[in-house]
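Only one structure is covered here, and it is reproduced in the block below.
The values are calculated or read from the model by the stated rules, or taken from the named source; none is laboratory data. Just so it is clear, the model here is predicted, and its values are computed rather than measured. All Cβ positions, even for glycine, are placed from backbone atoms using ideal geometry, and neighbour counts span all protein chains on display. Just so you know, the surface numbers come from the protein's heavy atoms only, side chains and all, with ligands and any DNA or RNA stripped out. Shrake-Rupley method; radii C 1.70, N 1.55, O 1.52, S 1.80 Å.
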Amino acid sequence: MKKLITKCALVLLALVLSVPAFVACSLPRYRELWVYNWGYFMHPEVFTRFEDYMLSQHGESIRVRGFYFDSNETAYRTIAEQGLDRDIVVPSDYMVYRLRAGGYLQPLDHALIASELEIHYGLGHVSSIDFRDLLREEIYRGANESFDQGLLYSMPFLWGTLGIMYNRNIISNANDIAAMRSWGSLFGAGGISQRTAETAPSVFMKSAQVRDNYAAAMLFYFSDELRARSNNLTDFSRPEYIELMTAIFTDFSHGAVQTNFWYREFNIVDPFDHAVEILRQQRRDMNVVFEMDTGMFNMQQNIPAATAGLAWSTDAGFVMNDNPYAPVADMLYYVVPEEGANLWINNLVIPRNAGNYRLANKFIAFSLREDISQLNTLSTGSPAANHVAMVELEETLRADNARWEGRPAHFKPMVLDLMFPSDNVLERSFVMGDFGARFGEGSLMWNRVTAPL
């Protein structure tokens, strides 16, 4: 009951904060910063710390107000279609591309961001900064090549992987645990499928998150091919492996033309049709439950039917780590399947109609600091963009044996791997592109997946 009350309180808080409080205590708009973010993608203290920073360093009394969304598509409707005033928005990679392409974003003021970082680092005068020096190489490359060349419109904030979270109390023998390292475990190929009918385990997939389900389905279908192209998962730098992974995450074309990779290599006319049939077959073979955020809480509360599910690493990190809202759940485990995975990057952007462009840039600089980066990572379980801060935090957590006292032997290395993905994991993780001209068809895919069997 306490957990339920806590979650309900969070929902109510989000609803309250999603509407600006135009009351007597409100400050003028130029002294307020309006941040539009996912519900738990920032430590609660960040807002007050920024307010304190602006007062102590700039003599400005400001207030930060939080607004919250539940999906990238909701954020898009708010910014692009409704044109509401927000100063900072935190969209994922593909949505940055879509907002930028539509002309809904302002370029960042790199000089202002650099000057704020100068205050923190004491670097002397700098008029520009190479953000490559702050970011992990793979994150900079993913952002630069996939959705914002030169980081002109966005700054990576938190990032992570798409993988599988499962209940180790239910999936406990060595063979089943080994099977969970493959995407096939979510589609009836080992692990979960070996449970008895009486157990009736549920497999959670992301409700209406067609992109994530699409990626999981295609990675499952091509799992054998990916193994072969990576020399049995030993060499992810092979061109043939990179070619197939790039196609899975960026080639949404269709039609029987020679230039189409899918048709040329695998006789697939439309990858959307292919993914739909795989996901519908999953429904026939498995007890599939579609959810948004309820699955991770069900698994945290050890509901018997909650066996495994498609999970963003931040979901897993949130319910596994100590924070004000979610007690540690020792029975859960998170794994990035060996064949390959999705690398997601959430970013700070400034909409075209932002009411406080100056404060927004200052807040972006503030978010890049080591102390703020580490605070957000400890709260969400997701690595922040500042790579130096993450290296320091990982060293601290590995040496802090007291933090892991009383936990199962597997827990510490698993959580640290989740929070700080290895080079091996990032080598086989790719940023997923926007559906582009097929956006409408991509949205309709969900209706096709969930239609009566």
Open item on the list: Can you pull out every residue in the stretch 118-166 that is modelled with pLDDT of 90 or more and of a type in the set (D, E, K, R)?
Closed with: Arg136, Glu137, Glu138, Arg141, Glu145, Asp148
Open item on the list: Among the residues of the stretch 406-423, are any closer than 21 Å to Trp38 by Cβ, open to solvent by 10 Å² or more (accessible area, probe 1.4 Å) and not aliphatic (A, V, I, L, M)?
Closed with: yes
Open item on the list: Condition first: among the β-branched types (Val, Ile, Thr) and open to solvent by 60 Å² or more (accessible area, probe 1.4 Å). Now tell me which residues in the stretch 44-97 satisfy that.
Closed with: Thr48
Open item on the list: What's the number of the only condition in (1) modelled with pLDDT of 95 or more; (2) open to solvent by 40 Å² or more (accessible area, probe 1.4 Å); (3) not in a helix (DSSP H, G or I) that Gly103 fails to meet?
Closed with: (2)
Open item on the list: Considering only the stretch 144-159, I want to know if a residue exists there that is of a type in the set (Ser, Thr, Tyr), in a loop (DSSP other than H, G, I, E, B) and open to solvent by less than 40 Å² (accessible area, probe 1.4 Å).
Closed with: no
Open item on the list: Looking at Arg352, Arg358 in this structure, which one is open to solvent by 40 Å² or more (accessible area, probe 1.4 Å), closer than 30 Å to Ala111 by Cα, touching a Phe, Trp or Tyr at 6+ places or on another chain (Cβ under 7 Å) and modelled with pLDDT of 95 or more?
Closed with: Arg352
Task: Hey, Tyr221 crowded, with 20+ Cβ neighbours inside 10 Å and over 22 Å from the mean Cα position of the chain (by Cα) or not - done: yes
Task: Of all residues in the stretch 197-247 being under 22 Å from Glu277 (Cβ atoms) and of a type in the set (Val, Ile, Thr), the one that is modelled with the highest pLDDT - done: Val210
